[in-house]
Amino acid sequence: MDNVLHYAKKLAADVLPADGIAIDATTGNGHDTVFLARLASNGKVYSFDIQKQALDSCREKLAQEQLQAELIHDGHEHAEKYVEEEGVHVVMFNLGYLPGGPKDVTTHADSTIGALTFFLEKLLPGGRIILVVYHGHEEGKAEKEELLPFLQSLPQHAYQVLQYGFINQKNDPPFICAIEKRRRWKG
Ligand code: SAM
């Protein structure tokens, strides 16, 4: 069985063509941005973070492989100011705080759901939004408590919503929520 981070990547790779549009909503150390930029080598990748140190670390990783992405020093809840394309293939969120960074700079339910609302509109039919949810810290728990009902409320005729995680692991292991926009709406 794939671990959570592996499976998140698989879900993205399945639907992102080389000329596709992808968004890393939480740059962090840049691993997902690099992964998306490799896949969408003739497309476009946007990457958002509110911490400059995250973007700097990502920029370095991209340069090492001569990959391109637009790094944006702003919250994903403001994505509508930056994303010009009509439709996007993939959006990845890795919620929580920057590994090795300040633990009080973390994602929050209101901005995460605000960004999701915009990305759901932008998502192409067959496109996916993939979230890795970390709920082992206080803010992460609160975020999960608001996020799950929001995802559960998405209309079934328009979206498929998946949850993937290991239920016998200790210490609140992260899990995936993934949303796919249906190609043909089921009435
Ligand atoms: N995917 C990353 C990687 O590969 O290393 C890990 C991401 S880390 C768990 C979460 C990141 O989200 C942190 O770097 C944090 O600064 C960022 N973040 C928090 N709130 C944000 C917001 N509103 N918009 C964009 N990024 C945010």
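Worth a mention:
- Of the residues LEU162, LEU154, ranked by 1.4 Å probe accessible area with the largest first, the sequence reads LEU162, LEU154.
- Cross-link pairs LYS144/LYS170; LYS44/LYS81; LYS103/LYS144; LYS10/LYS170; LYS10/LYS81 - those with Cα-Cα distance over 27 Å: LYS10/LYS81
- At a probe radius of 1.4 angstrom, the accessible area of region 71-187 per residue rounds to 54 square angstrom.
- Seen through its C-alpha gyration tensor, with square-root eigenvalues sorted a ≥ b ≥ c, region 21-118 comes out oblate because a/c lies at 1.5 or above while a/b is not bigger than b/c.
- Over region 43-187, the pair-distance histogram of Cα-Cα distances with 10 Å bins from zero comes to 10, 38, 37, 14, 1 percent, rounded to whole numbers.
- Each Lys and Arg Cβ is given +1 and each Asp and Glu Cβ -1; about its Cα centre, region 69-185 then shows a dipole of about 640 debye.
- Summed residue charge, Cβ within 13 Å of THR33's Cβ, Lys/Arg positive, Asp/Glu negative: -2
- Heavy-atom accessible surface of the chain: percent carbon and sulfur, 1.4 Å: 49 percent
- Listed peptides 37-47, 105-115 by packing density, highest first (mean Cβ within 10 Å): 37-47, 105-115
- Cα lying deepest toward the dipole's positive end in the chain, options GLN64, GLY20, ILE113, charges on Cβ: GLY20
- Low-density loop cleavage sites - trypsin sites (Lys or Arg not before Pro) in region 128-187, where at most 10 other Cβ are within 10 Å (DSSP): LYS170, ARG183, ARG184, LYS186
- Semi-axes of the equivalent ellipsoid for region 109-187, computed as √(5λ) from the eigenvalues of its C-alpha gyration tensor and ordered from largest down, come to 24, 14, 10 Å.
The values are calculated or read from the model by the stated rules, or taken from the named source; none is laboratory data. Because the structure is a prediction, the values reported are computed rather than measured. Cβ: placed from backbone, ideal geometry, glycine included. Neighbour counts: every protein chain shown. We work out accessible area using only protein heavy atoms, side chains counted, and drop any ligands, DNA or RNA first. Shrake-Rupley method; radii C 1.70, N 1.55, O 1.52, S 1.80 Å.
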